Amino acid sequence: MSYNPSKEEIIMAEGVNVRFSGALKTFVEQRSSDNGLYSSVSEYIRDLVRRDYEADEGKKWDWLHNELKPGMDADGSEFVKLEANDVLSEARTRKG
């Protein structure tokens, strides 16, 4: 199975350069050597960025879950029956 980069990855490949020196360079090279976890430095960097992106997205979902949790945990007696037309009417009134 071959890897086909997305359009965004191709664009990034044309515009992003990263340079490492000293201990960081050695560390990156070890991670992407024949004995490392990755076959190339680019693969290693892409994985780091992807993981960071996924962690950031996870934080957003956690925030949303925490915002909705009180409603999900609420007892049915705490809910108020609303009609769609009443909600729309109130929204129009608030909008002015």
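What to note about this one:
- Residues being assigned to a helix (DSSP H, G or I), surrounded by 10 or more Cβ atoms within 10 Å (Cβ to Cβ), β-branched (Val, Ile, Thr) and modelled with pLDDT of 90 or more are entirely absent from the stretch 1-24.
- Considering the stretch 25-82, the residues that are more than 29 Å from Ser6 (Cα to Cα) and among the basic types (Lys, Arg) include one that is surrounded by the most Cβ atoms within 10 Å (Cβ to Cβ), namely Lys69.
- Across the stretch 52-62, not a single residue is classified as of a type outside the set (D, E, K, R) and touching a residue at least 24 places away in the same chain (Cβ under 8 Å).
- Filter pass, Tyr38 being out of contact with any His (no Cβ under 7 Å at 6 or more places or on another chain) and assigned to a loop (DSSP other than H, G, I, E, B): yes
- From the list Asp47, Asp62, Asp52, Asp56, the lone residue that is of a type in the set (D, E, K, R) and either within 30 Å of Phe79 (Cβ to Cβ) or assigned to a loop (DSSP other than H, G, I, E, B) (or both) is Asp62.
The values are calculated or read from the model by the stated rules, or taken from the named source; none is laboratory data. The structure presented is a predicted model; accordingly, all values stated were derived computationally and were not measured. Glycine gets a Cβ as well: all are built from the backbone with ideal geometry, and neighbour counts include every protein chain shown.
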